[in-house]
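The values are calculated or read from the model by the stated rules, or taken from the named source; none is laboratory data. Remember, it's a predicted structure, so these values are computed and weren't measured experimentally. Cβ sites come from the backbone with ideal geometry, for glycine too, and all protein chains shown count toward neighbours.
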Amino acid sequence: MNDSPGWASPGSAPSDGQETGIPRPSSPVDGGGAAGQWSPAQPPPGQWSPPSAPGNGPGAPPPAPGWGGMPQGPGWGHAPMAAKPGVIPLRPLGVGEILDGAVSTMRTRWRTVLGISLTVSVIAEIAIILVQRYLLPQQKSIDPNATGTEALRQATDSAQSQLLNSAPSTLITMIATLITTSVLTVVISRSVLGRGVTLSEAWSEARPRLLPLLGLALLLSLMSAAIMAAGLVPGLALGDGAGGLALTVLGFLASCGVALWLMIRFMLAAPALMLERQSVLTALRRSAKLVKGSWWRTFGILALTYLLVIILTLIIAIPFGIIAMTVDSDGLSEFLNSSSTEFGWPFLIITGIGEVVISTLAYPFTAGVMALLYVDQRIRREALDLDLARAAGVPGYDNPRS
């Protein structure tokens, strides 16, 4: 059995409207035997294919405590007992199980997980601090006594300055997120099977997929920017009148809605690209088919995930911010006087430490939710739990012909 962390592309894309289809055996055509991929042992065509439920049909394996067997426990409405070789049970997952699986991965594989996220977070934060301190121009201040046209001009200049100053930090953060997501997805894919992975092994598996993952991120960013521009340009072209302002607001709201819909639709493209070794465009189509019919559920899980991340950020960032502003007395005085604030090294270092703590915890949590949501959708649509059970060596799921 190939132990490479990841899932090879199934014999066919998830069928539209089919919620619990059984995947067909892998073949050289669909990449099931490609080097560097993990594909559960499958018999040659014509020998045996997984039945609709364990224990049915000729040549089927004996019943096992996995998903698809008879429900365990008294009464209706109880979830069937499922094998749990790793951080999740091998059956369709609830919201709590997805979140718990991400946290369990951080807890059980903490050396690898925190080693990856901490290293990347420290390097990224040092780069951001140096850029902010030495490369970026001082942000333009706003005169609180300005009124009318002058106040509007100052607000516009300040917004443009803030946007330009945030661009390098955003780029560094995006690169850091790509690296951690790629490596941590490999760790999580192994954790589902109950297997560990070292930092060097995870990096060697993830490194070939970094450039495609970067291309995916850039494509999604350009797509969002194009949608926002299409929504704002008509209103801005009408000028500063009431009609132009109303059209700009409506265009902004509409473009935000379209961009959000597309981002959720393509949210599982990154795990598909990493675990199935797909190309960028194929990964986008793969995500769209997996999310089809489950957009609101996917949106709700991701919204809850980022809400938890925001709460974590506030819990950590506020104390660090208060300490930093207290230590940097000059910056605090300028801040209270509402003048142009230029904090010194104490403020940057202390807030930077807070950012590192936040990133170290947030990166693996969000990456874990993404990967497990992808696994959950494939279990629901393609019965991936059967393949995972065989790969994990769960009794009763072995290939009877092997």
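The residues of segment 61-84 that are crowded, with 19+ Cβ neighbours inside 10 Å and at pLDDT 70 or above, listed by number, are Ala82, Ala83. Tallying residues that are in contact (Cβ under 8 Å) with a residue 40 or more places away in the chain, of a type in the set (Ser, Thr, Tyr) and farther than 26 Å from Ile379 by Cα within segment 169-207 yields 4.
Which condition breaks for Thr351 when tested against (1) of a type in the set (S, T, N, Q); (2) touching a residue at least 60 places away in the same chain (Cβ under 8 Å); (3) closer than 30 Å to Arg133 by Cβ? For Thr351, the exception is condition (2).
The helices (runs of 4 or more DSSP H) located wholly in segment 177-292 that include 3 or more residues which are surrounded by 16 or more Cβ atoms within 10 Å (Cβ to Cβ) and in contact with a Phe, Trp or Tyr (Cβ under 9 Å, 6 or more places away or on another chain) occupy 210-237, 269-275, 280-291. Can we say Asn165 is within 26 Å of Tyr363 (Cβ to Cβ) and at pLDDT below 75? The answer is yes for Asn165.
Which one is modelled with the lowest pLDDT among residues in segment 362-402 that are small (Gly, Ala, Ser) and more than 25 Å from Trp295 (Cα to Cα)? In this case the residue turns out to be Ser402. Among residues of segment 241-258 that are touching a residue at least 40 places away in the same chain (Cβ under 8 Å) and at positive phi, none has a beta-carbon under 9 Å from a residue that is basic (Lys, Arg) and assigned to a helix (DSSP H, G or I) at least six positions away or on a different chain. The condition (being modelled with pLDDT under 90, buried (at least 18 other Cβ atoms within 10 Å of the Cβ) and over 21 Å from Ser121 (Cα atoms)) is satisfied by just one residue among Phe343, Phe347, Phe335: Phe343.
When we screen Ala317, Ala303, Ala324 for residues that are free of Cβ contacts under 8 Å to residues at least 40 places away in the same chain and under 16 Å from Glu355 (Cβ atoms), the only hit is Ala324. Of the numbered conditions (1) hydrophobic (A, V, I, L, M, F, W, C); (2) under 21 Å from the mean Cα position of the chain (by Cα); (3) surrounded by 17 or more Cβ atoms within 10 Å (Cβ to Cβ), Leu171 satisfies every one except a single condition; which is it? So Leu171 meets the others, but not (3). Ile315: within 30 Å of Gly101 (Cα to Cα), in a helix (DSSP H, G or I) and modelled with pLDDT of 95 or more, yes or no? Yes.
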